[in-house]
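For reference, the structure is listed below as structure tokens.
The values are calculated or read from the model by the stated rules, or taken from the named source; none is laboratory data. Since the structure is predicted, the reported quantities are computational estimates derived from the model, not experimental observations. Every residue, glycine as well, gets a Cβ built from its backbone with ideal geometry; the counts of neighbours run over all protein chains shown. To get the accessible areas, we keep the full protein, side chains included, count just its heavy atoms, and leave off ligands, DNA and RNA. Shrake-Rupley method; radii C 1.70, N 1.55, O 1.52, S 1.80 Å.
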Amino acid sequence: MTTSAVSPPMDRLEPARPSWPDATGHFGVFGGRFVPEALIAALDELTEAYRAMRVDPAFLEEFARLQRDYTGRPSPITEVPRFAEHAGGARVLLKREDLNHTGSHKINNVLGQALLTKRIGKQRVIAETGAGQHGVATATAAALMGLSCTVYMGEEDTRRQALNVARMRLLGAEVIPVTTGSRTLKDAINEAFRDWVTNVETTNYVFGTVAGPHPFPEMVRDFQRVIGDEARAQVLEREGRLPDAVLACVGGGSNAIGVFTAFVPDEGVRLVGLEAGGDGVDTGRHAATITGGTPGVLHGARSYLLQDENGQTIESHSISAGLDYPGVGPEHSHLHDIGRAEYRAVTDAEAMEAFALLCRTEGIIPAIESAHALAGAMELGRELAGRVEDRQALLLVNLSGRGDKDVETASRWFGLGEHGAPTDEDDRAVEAGRGADPGPGLDTDQQPTEGAVSNDQAVAGQDAGGTA
Amino acid sequence: MSLLATTIGAARAEGRAALIAYLPVGYPDVDASIAAMVGAVETGADVIEVGVPYSDPGMDGPVIQQAVDPAVRAGVGMRDVLRAVEAVAAAGAVPVVMSYWNPVERYGVQRFATDLAAAGGAGAITPDLIPEEAGEWLAAAEAADLDRVFLVAPSSTDARLRSTTAACRGFVYAASTMGTTGTRAAVSDTAEALVTRTRAVAPDLSVCVGLGVSNAEQAAEVASFADGVIVGSAYVRQLLDGAGPAGVRALSAQLAEGVRGGMPA
């Protein structure tokens, strides 16, 4: 574990802030505020309180203490050489946000926003959640700080991520399944906004990603940039140089912005965002917003989104609930348009191959969201034939979360364990992948744990090694 | 010339508030929704808010969501909206489009303004567009001589009331309460306070009140302090309940008495 000399707390929120957004929350042509007037006062209050808070030494000290003592920061960097054998010979380093308390990067942002909630004197927080990681993080922070907490979660997602629903309830949060629209993250956000506009006097909306109206994209970025600030220092310390590329999955895009921000000024470092390609961008069943979408307005900001010719949001599709979102944060749209970051789509199948590979080669079960970034690293490493100029390529992947919540989905995908036939529409992709070859990562020597799965169900792993 | 200001002014000259009815295009289908709008006009609505269906109506409560959802799924688009605008104008009322911003942006802001003016529309109400983000729309509306209606809310500061009303033409939409659309048992008393504050900064602009008005009694109450009474969910409820254009007509007739200060028999 590397415990490198990361930036001191004073620098953590304030060093090298990007020149965007402007004072009204615009990242180039993206961002801004597209919300009912009723919310403007609350957004102004948040903006003002946040600006005061982020330079307040007492806040910075409290935030740093919580990150260290509660979250467990800094998160380590782990090199994964056996995994990297499948990445064209590149070296692969993981930034281990999966080791944070609550199991993902989401806690970074939530602790900041929970402190802000107390600062503005509100007693109740609401949140939207897709995979449940942000909901769990918010419920955690609410429990820690004595706030009442309501989490909106698409009904489909409450089924896909039942473990996280149980976690939130154990933490004392109220979880409201959302039954409107596509019953996923997009609709959970709509319901959370409706709650907020109704209860704004008492309630703060703890937004989970770098999307939404100003100041959320800027504020959430600032709370998440600790990932990249740490990682940049850690990689410099252990390698004496910067990585050639930084890769992260992108749904709304908070973990990606978190790891990218410190590297944005480093022009030699490629920034690669991996979007959820679902069944494939050309099938129309995907969540690759920048790759397959167009600019428009959704959930309070201008950004790329998946929309039809009438401007209606198209329902997204991904095996990963946390990436199953038809929008994306405006800063990503800006980074794309100015050419500073590149965005690629990773299909469900590619992500699950990388998922299995990391499990089997490194003993790390990643979140399926993060597996998209791993698949991107495999692809990029192979494209580079493992080299950048005359040296071995060095890829930094943000492992944004751990995969405990995805065990059931993965078991179904690979035909492991005893599960009934999927019945939900969103399990269609899983069904299609039932019994699929988990991919080249499976070790020829790997045997299923005795008794864990019956022999006839564990075929995929044993037969798959030939391509490794 | 502002069609909305003219119409609301004419109502005021009669000593009453204007009745503004919201109905979404495409529920239960496009033709039936247009028939409902015409029915509302024929029974006393002065202005029809022609609603553009949208997949993510963040300001709307369950009633309107329930109606627009099938319209969105049926692919109802701006062409259908413009057809409804023409029909309302032909029926003798003033059509104003009510749209979340993305459908307008997707259609093209300039093209929307041009086509809306050609169809006889007065302008547009934009519930999730604040004047600060509306530069392109304000320019296009000005060029096409269209009204632009923004919202104020009980939470709006006086500074925002001033800047928002300054950007409005036609009227300003005062959201009576903090919350989403939907019928409520009582009109919030924050409504009158908001109207008073709004008038203080914009004495020449009509102030119309929406959110939560559903019957003649509430319409009469709002008409006592506002220039116009906006009713949405109660109309939509008629269609959801299967009462059809007849139900819309009956409701409209009651509300028309309400805005005249009368109670239905």
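Here are a few things to note about the model shown:
- Test: residue in the stretch A:193-210 that is charged (D, E, K, R) and farther than 30 Å from residue B:176 by Cβ: no
- For the stretch A:165-179, the criterion of being under 30 Å from residue A:37 (Cβ atoms), acidic (Asp, Glu) and assigned to a loop (DSSP other than H, G, I, E, B) is met by none of the residues.
- Filtered by the rule that a residue be out of contact with any Asp or Glu (no Cβ under 9 Å at 6 or more places or on another chain) and either in contact (Cβ under 8 Å) with a residue 40 or more places away in the chain or closer than 20 Å to residue A:195 by Cα (or both), the stretch B:150-164 gives B:154, B:158, B:161, B:162.
- Candidates A:336, A:372 - the one that is under 16 Å from residue A:245 (Cα atoms), open to solvent by 40 Å² or more (accessible area, probe 1.4 Å), assigned by TED's automatic domain parsing to the domain that holds residue A:300 and at pLDDT 95 or above: A:336
- Those residues of the stretch A:89-108 which are open to solvent by 30 Å² or more (accessible area, probe 1.4 Å) and closer than 24 Å to residue A:354 by Cβ, in sequence order: A:89, A:91, A:99, A:106
- Unmet criterion (only one of (1) among the hydroxyl-bearing types (Ser, Thr, Tyr); (2) touching a residue at least 40 places away in the same chain (Cβ under 8 Å); (3) open to solvent by 40 Å² or more (accessible area, probe 1.4 Å)) for residue A:294: (2)
- Wholly enclosed strands (runs of 3 or more DSSP E) of the stretch B:29-138 bearing at least 1 residues open to solvent by 10 Å² or more (accessible area, probe 1.4 Å) and more than 14 Å from chain A (Cβ to nearest Cβ): B:94-98
- Filtering the stretch A:13-50 to residues that are touching a residue at least 40 places away in the same chain (Cβ under 8 Å), away from every other protein chain (no Cβ under 11 Å) and part of a helix (DSSP H, G or I) leaves A:13, A:46, A:47, A:49, A:50.
- Enumeration of residues in the stretch A:223-239 that are of a type in the set (D, E, K, R) and either closer than 21 Å to residue A:115 by Cα or open to solvent by 10 Å² or more (accessible area, probe 1.4 Å) (or both): A:225, A:229, A:232, A:237, A:238, A:239
- All positions within the stretch A:370-398 that are in a strand (DSSP E or B), in contact with a Pro (Cβ under 9 Å, 6 or more places away or on another chain) and under 17 Å from residue A:343 (Cα atoms): A:395, A:396
- Residue in the stretch A:299-314 that is modelled with pLDDT under 95, of a type in the set (Gly, Ala, Ser) and in contact with a His (Cβ under 9 Å, 6 or more places away or on another chain) present: no
- Only residues that are outside any helix (DSSP H, G or I), over 12 Å from residue A:293 (Cα atoms) and touching a Ser or Thr at 6+ places or on another chain (Cβ under 6 Å) were counted in the stretch A:330-344, giving 0.
- Residue count for the stretch A:130-151, restricted to those that are crowded, with 24+ Cβ neighbours inside 10 Å, out of contact with any Lys or Arg (no Cβ under 9 Å at 6 or more places or on another chain) and not small (Gly, Ala, Ser): 1
- Those residues of the stretch B:139-161 which are of a type outside the set (A, V, I, L, M), assigned to a helix (DSSP H, G or I) and within 18 Å of residue B:125 (Cα to Cα), in sequence order: B:142, B:160
- Residues in the stretch A:168-181 that are on the phi < 0 side of the Ramachandran plot, surrounded by fewer than 23 Cβ atoms within 10 Å (Cβ to Cβ) and either under 20 Å from the mean Cα position of the chain (by Cα) or within 11 Å of another protein chain (Cβ to nearest Cβ) (or both): A:179, A:180.
- Output for the stretch B:18-28, where each listed residue is under 14 Å from the mean Cα position of the chain (by Cα) and more than 14 Å from every other protein chain (Cβ to nearest Cβ): B:18, B:19, B:20, B:21, B:22, B:23
- If you go through the stretch A:200-211 and keep only what is open to solvent by 10 Å² or more (accessible area, probe 1.4 Å) and more than 8 Å from every other protein chain (Cβ to nearest Cβ), you end up with A:202, A:209.
- Members of the stretch A:183-198 found to be more than 8 Å from every other protein chain (Cβ to nearest Cβ) and either farther than 20 Å from residue A:134 by Cα or outside any helix (DSSP H, G or I) (or both), listed by number: A:183, A:184
- Residue A:330 vs. criteria open to solvent by less than 10 Å² (accessible area, probe 1.4 Å) and either at pLDDT below 95 or within 14 Å of another protein chain (Cβ to nearest Cβ) (or both): yes
- Taking the criterion of being assigned to a loop (DSSP other than H, G, I, E, B) and within 13 Å of residue B:96 (Cα to Cα), the residues of the stretch B:1-28 that qualify are B:2, B:25.
- Filtered residues of the stretch B:151-163 (kept if more than 7 Å from chain A (Cβ to nearest Cβ) and touching a helix residue (DSSP H, G or I) at 6+ places or on another chain (Cβ under 6 Å)): B:154, B:161, B:162
- Residue A:72 over 16 Å from residue A:374 (Cβ atoms) and open to solvent by 10 Å² or more (accessible area, probe 1.4 Å): yes
- Answer residue from the stretch B:164-210, given it is open to solvent by 10 Å² or more (accessible area, probe 1.4 Å), in contact with a Ser or Thr (Cβ under 7 Å, 6 or more places away or on another chain) and among the aliphatic types (A, V, I, L, M) and is nearest to residue B:122 (Cα to Cα) among those: B:205
- Selection status of residue A:363, without any contact (Cβ under 8 Å) to a residue 40 or more places away in the chain and over 22 Å from residue A:133 (Cβ atoms): no
- Test: residue in the stretch A:158-167 that is touching a Ser or Thr at 6+ places or on another chain (Cβ under 7 Å), more than 14 Å from every other protein chain (Cβ to nearest Cβ) and either closer than 21 Å to residue A:253 by Cα or surrounded by 24 or more Cβ atoms within 10 Å (Cβ to Cβ) (or both): yes
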